[in-house]
Amino acid sequence: MSLLRIRKPKTRKGKKVLLAREPQLIESARTMLFVDGRKCGGNVKLCMKDLQQLKKPLVKVLNRKNDITPFDDPSSLEFLTMKNDAALFTFGSTSKKRPDNIIIGRIFENEVLDMFELGIKRYQSISEFKNEKIGACVKPCLVFNGPKWAQTEELRRLRNFFIDMFQREKVESIRLQGIEHVLSFTVTDDMSILMRSYKILLKKSGQKTPRIELEEIGPSADFSIRRTKIASDDLYKLSRKQPKQLRVTKKKNVSTDALGNTKGRVHLGKQQTGSIQTRRVKALKKSPEEKRADRQKKKVALKAAAVEALSTAD
């Protein structure tokens, strides 16, 4: 009953915190909560540490171990995310039944919306790649390779979760030198997920646009999908609903393509080309011989019409 009790703020700071937790017209980037399970170490700890580095500064880390089983009872995890004001979570644990286990998910209305359990089959941390790294707080480009991402609803939701996970502040424009990081996700035939991280290198090409090269900087991981828990279609649709103030009103005869270019359609009436005032050019004027020939043709046509009219009258 204590969780359901509504407490009014007593201080100005408390009121400010509660207002920040209320639904906003334009939501800020989502924070991810990292939680350790009862046993957590090895590749799980390395993976969570690297994910924190990729997600910084939108992270909150709980170092204390928690005896939680999210798929059996997610109430404890929902309470921790609500307390730390985090919409995303990563739960790491390892056991004899499920070694090197990571559970990632997201929250809607203080309840678990989607949850995916991934097993680490192979992992290389960022520290194992001895090369120059990118700076912090860099917004990555996400690449999803292959058509398998659209085959099942679970994979479509997982792709949407990765986009939600690495989403940062919305920007109106970018420059080419600001694109430094690429995260690649691939689904194999045995339903394994390969995650690769690359640094974008801009090389001279002799043209205006540079030549692009990719250098792997880590982390590099192979995941296997163990268990999933996705929301119903109605709840998922409700979570994606936009407020009326942000909805774009559809304009007549105006469309937008996949690249964001606006195209318009203009409807014109029948044009009277005969009455259009054009420039008079001497080269287009008829010569006196052509004028006499035209007058002669008109006379012949009039005589023929008169003869035909007389014949029909008789």
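The values are calculated or read from the model by the stated rules, or taken from the named source; none is laboratory data. Because the structure is predicted, anything quoted here is derived from the model rather than measured. Cβ placement follows ideal geometry from the backbone for every residue including glycine, while neighbour counts extend to all protein chains displayed. We work out accessible area using only protein heavy atoms, side chains counted, and drop any ligands, DNA or RNA first. Shrake-Rupley method; radii C 1.70, N 1.55, O 1.52, S 1.80 Å.
Working only within the stretch 114-133, note down all residues that are among the hydrophobic types (A, V, I, L, M, F, W, C) and touching a Pro at 6+ places or on another chain (Cβ under 9 Å). Those that are among the hydrophobic types (A, V, I, L, M, F, W, C) and touching a Pro at 6+ places or on another chain (Cβ under 9 Å): Met115, Ile120, Ile126, Phe129. The number of residues in the stretch 64-91 being acidic (Asp, Glu) and either free of Cβ contacts under 8 Å to residues at least 12 places away in the same chain or over 13 Å from Arg106 (Cα atoms) (or both) comes to 3. Evaluation of Ala29 against the conditions (1) touching a residue at least 40 places away in the same chain (Cβ under 8 Å); (2) not in a loop (DSSP other than H, G, I, E, B) shows that the sole unmet condition is (2).
Each residue in the stretch 36-63 was checked for being among the charged types (D, E, K, R), open to solvent by 50 Å² or more (accessible area, probe 1.4 Å) and in contact (Cβ under 8 Å) with a residue 60 or more places away in the chain, and 2 of them qualify. Counting the residues of the stretch 138-157 that are within 27 Å of Gly42 (Cα to Cα) and either open to solvent by 80 Å² or more (accessible area, probe 1.4 Å) or in contact (Cβ under 8 Å) with a residue 60 or more places away in the chain (or both) gives 1.
Can you tell me which residue in the stretch 158-167 is most open to solvent (accessible area, probe 1.4 Å), limited to those that are closer than 22 Å to Glu216 by Cβ and not aliphatic (A, V, I, L, M)?
Arg159
Evaluation of Val248 against the conditions (1) open to solvent by 100 Å² or more (accessible area, probe 1.4 Å); (2) farther than 30 Å from Ser173 by Cβ; (3) at pLDDT below 85 shows that the sole unmet condition is (2).
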